[in-house]
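S.K.: The structure follows.
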Amino acid sequence: MRRRLRLPGDASGRLDRAVADALGIGRAPVKEAFRRGAVRVDGRRARASDAARPGAEVEVEVEAAPGAPEPDPAAPLRVLAESPRWVVVDKPAGVATHPLRAGERGTLANAVVARYPECAGAAERPREGGAVHRLDADTSGCALFARDRAAWTALRGQLARRAVEKVYLALVAGRVAAGGVCSVPLAQRGGRAVPVPDAEATARLPARAGAPRPAETRWEVVRALPRHTLLEDRIPTGAMHQIRAHLAFLGHPVAGDAAYGGAAAALPGLHRQFLHAWRLGFDDPGGGRVEVEAPLPPELAAALEALAPRP
């Protein structure tokens, strides 16, 4: 599918991100178009890492965006809470929230639309299958899906207003003495979140990293262990990888998180990062407040128990 567009006046950062935003689609098909050399800016072949220029004319040939997730009735699905407007499910680690490519299976959304077919039409982007927010593939816990478009819009509005309570449990390397807050903005570069602690650093940031986004992570100490600390993390914002990036920036990466320096703190027998979306709170579009908890998965509970000091 060949598309022509003009970048908006506020376009900035990497060209691939600006084009994806202008088209209203995910970055994956746009990045693939750049890889094929199928993107031209003002008539010249462009690179994904080029800086976006406001007003530039872009011609891009992208594959059709994936439609609604294919229902997968055989996929396991643990429902934590539901109403006629929404459903909260317990996402296992190692499972993506929704497909990124046409025909992709094995995601949480494939399981959700098999049980709740109406979710397929709830989100603005059909591929999301009604997902209101996303969890990293190796993060487990509470995931919220809308069952109609009005509920999805209302719940997404709560996210934008920071009215959704998102509480995670994270086991980190080292001893954390007390609770605190990190408000360092995060930029995206090469699929990772990069902390940008001050204006001077922002000015030095390569154009391909994109503009830093506000991000706030608050934590409290739940349990101190000999070489680790179990934290309760709250994130009113929703920047990609923000808990992982912030804790690593503070010198306490999440145990088992190889992307952010936590591999050295990995636990024997645990082949994932120790990050779990434990609690989710939001206002029901139909009225009332909802609080949902996802129990700690057995593999995380066992790993935590193995770290406890022996009498």
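The values are calculated or read from the model by the stated rules, or taken from the named source; none is laboratory data. Since the structure is predicted, the reported quantities are computational estimates derived from the model, not experimental observations. Don't worry about glycine lacking a Cβ; one is built from the backbone with ideal geometry, like all the others, and counts go over all protein chains shown. For the accessible areas, the whole protein counts, side chains as well, though only heavy atoms, and no ligand, DNA or RNA atoms are used. Shrake-Rupley method; radii C 1.70, N 1.55, O 1.52, S 1.80 Å.
S.K.: Counting Lys +1, Arg +1, Asp -1, Glu -1, what net charge surrounds GLU220 among other residues with beta carbon under 12 Å of its beta carbon?
M.R.: +1
S.K.: Let me know the volume per residue of the alpha-carbon convex hull for the stretch 234-311, in Å³.
M.R.: Considering the Cα atoms of the stretch 234-311, their hull volume per residue is 138 Å³.
S.K.: Can you tell me the FRET efficiency between ALA81 and ALA308 if r is taken as the Cβ-Cβ distance and R0 is 22 Å, rounded to the nearest 0.05?
M.R.: Computed FRET efficiency for ALA81 and ALA308: 0.10.
S.K.: I would also like to ask the following. Residues with amide H under 5 Å of ARG223's amide H, sequence separation 5 or more or different chain, H placed in the peptide plane at 1.01 Å from N; which?
M.R.: Those lying under 5 Å, H to H, from ARG223 are LEU230.
S.K.: Which whole-Hz couplings ³J(HN,Hα) result when phi for each residue of the stretch 267-281 is put into the Karplus expression 6.51 cos²θ - 1.76 cosθ + 1.60, θ = phi - 60°, listed in order with x for Gly and Pro?
M.R.: 9, x, x, 10, 10, 7, 6, 8, 9, 9, 7, 7, 9, 9, x
S.K.: With Cβ to Cβ distances under 11 Å as the rule, what net charge do the other residues near CYS182 carry (K, R +1; D, E -1)?
M.R.: Summing Lys and Arg as +1 and Asp and Glu as -1 gives -1.
S.K.: Let me ask something additional. Tell me the net charge near ARG105. Cut-off is 12 Å between Cβ atoms, ARG105 excluded, with +1 for each Lys or Arg and -1 for each Asp or Glu.
M.R.: So the surrounding residues net to -2.
S.K.: By how many nm would the segment from ARG223 to ALA74 grow when fully extended, if each residue of separation counts as 0.36 nm and the alpha-carbon distance is taken off?
M.R.: 49.8 nm
S.K.: Let me ask you something else. In whole angstrom, how far apart do the alpha carbon centroids of the stretch 97-150 and the stretch 154-171 sit?
M.R.: When both Cα centres are located, 17 Å separates them.
S.K.: Taking the alpha-carbon set of the stretch 1-117, what are its Rg and Dmax in Å?
M.R.: Spelled out, the Cα radius of gyration and Dmax of the stretch 1-117 are 18.0, 52 Å.
S.K.: Let me ask something else about it. Determine the dipole magnitude for the stretch 64-213: charges of +1 sit on the beta-carbon of Lys and Arg, -1 on that of Asp and Glu, nothing else is charged, the reference point is the Cα centre, and the result goes in debye to the nearest 20.
M.R.: Approximately 300 debye in magnitude.
S.K.: How many percent of the accessible area of the chain is carbon or sulfur, using a 1.4 Å probe?
M.R.: 51
S.K.: I want to check the label-to-label distance for ALA301 and ALA264. Put each point 7 Å from Cα in the C-beta direction and report it in nm to one decimal.
M.R.: If labels sit at ALA301 and ALA264, their model points lie 3.2 nm apart.
S.K.: Test of the criteria: in the stretch 13-58, which trypsin sites (Lys or Arg not before Pro) are in a DSSP loop and have at most 15 other Cβ atoms within 10 angstrom of their Cβ?
M.R.: For trypsin sites (Lys or Arg not before Pro) across the stretch 13-58 that sit outside H, G, I, E and B with at most 15 neighbouring Cβ atoms in 10 Å, the list reads ARG36, ARG47.
S.K.: For the chain, set up a GNM with springs between Cα atoms under 10 Å and report which of PRO76, PRO117, PRO92 has the largest fluctuation.
M.R.: PRO76
S.K.: Taking a label point 7 Å from the Cα of SER49 along the Cα→Cβ vector, which residues of the stretch 1-25 have an amide N closer than 18 Å to it?
M.R.: Inside the label zone: 13-19.
S.K.: Contact order normalised by length for the chain, with contacts defined as Cα pairs under 8 Å and 6 or more residues apart; what percent is it?
M.R.: It rounds to 15 percent for the chain.
S.K.: Same structure again: Considering only DSSP beta bridges whose two residues both sit in the chain, what percent are antiparallel, to the nearest 5?
M.R.: Looking only at bridges with both residues in the chain, the antiparallel portion is about 95 percent.
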